[in-house]
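We did not get these values from a lab; they are worked out from the coordinates using the rules stated. Keep in mind that what you see is a predicted model, and the values were worked out from it rather than measured. Here Cβ is always computed from backbone atoms with ideal geometry, including for glycine, and neighbour counts include all displayed protein chains.
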Amino acid sequence: MAHIIVTGGAGFIGSHTVVELQQAGETVTVLDNFCNSNPEVLGRIAEITGTKPALAEIDLCDREKVFAFFADAKADAVIHFAGLKAVGESCKIPLRYYSNNLTGTLNLLEAMAAAGCKKLVFSSSATVYGDRNPVPFTEGMPTAATNPYGWTKLMIEQMLMDTAAADPSWSLVALRYFNPIGAHPSGLIGESPNGIPNNLVPYIAKVAIGELDHLNVFGDDYDTPDGTCIRDYIHVVDLAKGHLCALRYADTLAGFKEVNLGTGHGSSVMEVLHAYEKACGRELPYVIAPRRDGDIPRMYAQTDRAKELLHWEAESDLLTMCRDSWNFTKKNV
Ligand code: WQD
């Protein structure tokens, strides 16, 4: 049984990963400052797994506390989710994003090194592929970012690459997520963003529950079959399981590796909307609105490396993702 530290473990993807880690028999400590999550989630995790994860309520930007924690923690590995992650917000307050995401990660890596813990799985994003690559996005393609949030992900990947190049005793895996959606089938944990959601599925969920009047479809004149943007939506539980596989892979890795976590195929905005209508059992109102700045027509993953190195592939289909999202939404109005 290993001791895994999950930074941001009270968040959407972090909490689902903690559930999978505990159900696999690992001991977990959640390191979180709850700036964008709710402490109640730890109790929900306990309801699902029977074990409430230990908590270290620490801000990764508090260098002294991070070092003190790792000096005592006897951590075997870290899964690093903690960070600010709203694309639009990052354009408004870039310095806050660079300071929080980069300083936090630097403190984490240096505290791990000081404590002799050199195994880390990092929550990266397909956003590092930028808007110039052909689909399917494949590891090794040129990377770029189109917003400060994306740049922080890319800069952290660079930190990990350079750390491993200087000292291959590090095992560092960057997981590039495509579009995580859905919720744990229990309906006890899921995605509950504060305020008006930026992302598609949490927004549709609020329309379905009656909190929002209709969905604004950001453009239907893209070069895609139905004119709306295509994305690679992946069930958050499949994503969480991918982290366990990445930890196992890190046990045998000397150095750095980036790996896509996606399903390998895309769904359009309208396909997602219609899947959600099936899941909630009623038509959902929408209007065609102007395009959103920064959106690209198609994004989906090449998934061979995840299959080959992590022995992992996504299992759930879009309807299951929408059903689990709706189940969580209904239970947590
Ligand atoms: C999906 C599609 C929108 C809302 C972002 C981040 C990415 C990652 C996942 C963190 C797009 C359309 C959306 C709405 C709409 N986050 N849409 N009406 O933009 O692919 O990715 O979230 O890692 O880094 O960039 O996801 O869900 O915002 O949008 O029509 O009200 O849905 O135009 O085509 P996106 P999204």
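If you add up the charges near residue 237, with Lys and Arg at +1 and Asp and Glu at -1, over every other residue whose beta carbon is less than 15 angstrom from its beta carbon, what do you get? Mind dumping the intermediate values first?
Details: positive: 44, 241, 323; negative: 20, 191, 238, 313, 315, 317, 324.
So the surrounding residues net to -4.
Principal axis extents of the C-alpha atoms in the stretch 1-86 (largest first, rounded to whole Å): 33, 31, 17. Where the alpha-carbon atoms of the chain are placed on the principal axes, they occupy 54, 43, 39 Å, in descending order. Taking trypsin sites (Lys or Arg not before Pro) in DSSP loop states with no more than 15 other Cβ atoms inside 10 Å as exposed sites, the chain has its longest site-free stretch at 133-281. Between residue 165 and residue 76, the FRET efficiency estimated from the beta carbon spacing at R0 = 25 angstrom works out to 0.60. Multiplying the residue separation of residue 1 and residue 113 by 0.36 nm and subtracting their alpha-carbon distance yields 38.2 nm.
Report the rotationally averaged projected area of the stretch 67-134 based on its alpha-carbon convex hull, in square nanometres.
Values: hull surface 22.8 nm².
Seen from a random direction, the Cα hull of the stretch 67-134 projects 5.7 nm² on average.
Summing Lys and Arg as +1 and Asp and Glu as -1 over all other residues whose Cβ lies under 13 Å from the Cβ of residue 281 gives a net charge of +2.
Membrane-span-like helices of the chain, defined as complete DSSP H segments with a Cα extent of 24 Å or more along the helix axis and a mean Kyte hydropathy of at least 0.0, are identified as 148-166. For every other residue with a beta carbon closer than 13 angstrom to the beta carbon of residue 183, add +1 if it is Lys or Arg and -1 if Asp or Glu, then tell me the sum. Neighbour charge sum, excluding residue 183 itself: +1.
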